[in-house]
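Quick notes on the structure that follows.
The values are calculated or read from the model by the stated rules, or taken from the named source; none is laboratory data. All values derive from a computational prediction rather than experimental measurement. Every residue, glycine as well, gets a Cβ built from its backbone with ideal geometry; the counts of neighbours run over all protein chains shown.
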Amino acid sequence: MQSLYDVPAPAKLNLFLHITGRRADGYHLIQSAFMLIDWCDTLHFSVRRDGVISREDLGWKLPADDLVVRAARALQQACGGTQGVHIGIHKSVPAQAGMGGGSSDAASTLLALNRLWNLQWPVSALARLGLSLGADVPFFLSGRHAWVEGIGEKITPIDLPEAQFVVVKPDAGLDTRLIFNDPTLKRDSEPAIISGFVANVFSNPLGFGRNDMQDVAQKLCPGVSQAVYWLESQGLKGRMTGSGSAVFALVQQGLGSLRWSGLDSVPAGFAAKVCSNMAVHPLRGWAVNDGLSVGSG
């Protein structure tokens, strides 16, 4: 195997996100339900025998040392390998949106190189490496919707009802650090339990909890509020995903063709897409799933 083409990297939405505390090292503790959706980046990989890791941007320009390159270098160093790779990436998932695009790209890179370089690492080993790159990377390696706790390393697979959502991303993005550093951020939500979430989610995927970051995000980024208000004008209840700035709303639950056509009136400069959730990650099975365990929180 010399190349892998059209490797998907799906985005995620947070159905809720609570901040339950803060560790002594400053990391915030969260509880959230992470949901895979079919808004994907696409990556291409070709083995290089000279050991060099190179990247080609097939869409918009990325930073030189983005998570894809860092993931490849980290795996190469960890395995002591001599092979390199050329990576082409076509971005579709918006940046600074709270949709995990960069982390998903990193996870798909680890899974693809695990195959291309014939490393045969299990998911747990990739996830430990992935956590050093970003808190969301282990989720994308886990392969399913998940209940996520700690700083992102405690992952419990969950089932979610099939549904479709409209996702709206303002032109402006949000820096997660600005939200976490804001003194008004709510950091003391009561811990929830999975059974309480499950009791609500099958009747209404957005019927549980809230996003504790949303109030601060709306203060920092007027586009978040604009997205919420636009969804309200469409008769939809929006919720921000992650640290924003993307906002999403349920438009259809269950099977059936979607007839919602509100995208025609999306505010100028906003990116928007109607997405379906995905029962499993499209790369699930690319590494042996030995029971995801990435360390203590």
Looking at LEU43, LEU36, LEU15, which is the one that is in contact (Cβ under 8 Å) with a residue 40 or more places away in the chain, outside the structural domain of ILE193 (by TED's automatic domain parsing), farther than 30 Å from PHE202 by Cα and in a strand (DSSP E or B)? LEU43
Name the pairs whose Cβ atoms lie under 9 Å apart, with the first residue in segment 183-198 and in the same structural domain as ARG210 (by TED's automatic domain parsing), the second of a type in the set (Val, Ile, Thr) and assigned to a helix (DSSP H, G or I), and 6 or more positions between them or separate chains? THR184/VAL216; LEU185/ILE179; LEU185/VAL216; LYS186/VAL216
One residue from TRP286, TRP260 being under 30 Å from ALA127 (Cβ atoms), outside any helix (DSSP H, G or I), of a type in the set (Phe, Trp, Tyr) and not assigned by TED's automatic domain parsing to the domain that holds GLY130: TRP286
Residue ranges of helices (runs of 4 or more DSSP H) in segment 153-253 with at least 2 members in contact with a Phe, Trp or Tyr (Cβ under 8 Å, 6 or more places away or on another chain) and surrounded by 15 or more Cβ atoms within 10 Å (Cβ to Cβ): 194-201, 222-233
Being at pLDDT 95 or above and on the phi < 0 side of the Ramachandran plot narrows it down to one residue among ALA199, ALA227, ALA268; which is it? ALA227
Against the condition under 14 Å from LYS169 (Cα atoms) and touching a Phe, Trp or Tyr at 6+ places or on another chain (Cβ under 9 Å), how does VAL266 come out, does it pass? yes
Only one of these conditions is not met by ASP105: (1) under 12 Å from the mean Cα position of the chain (by Cα); (2) closer than 30 Å to ASP188 by Cβ. Which number is it? (2)
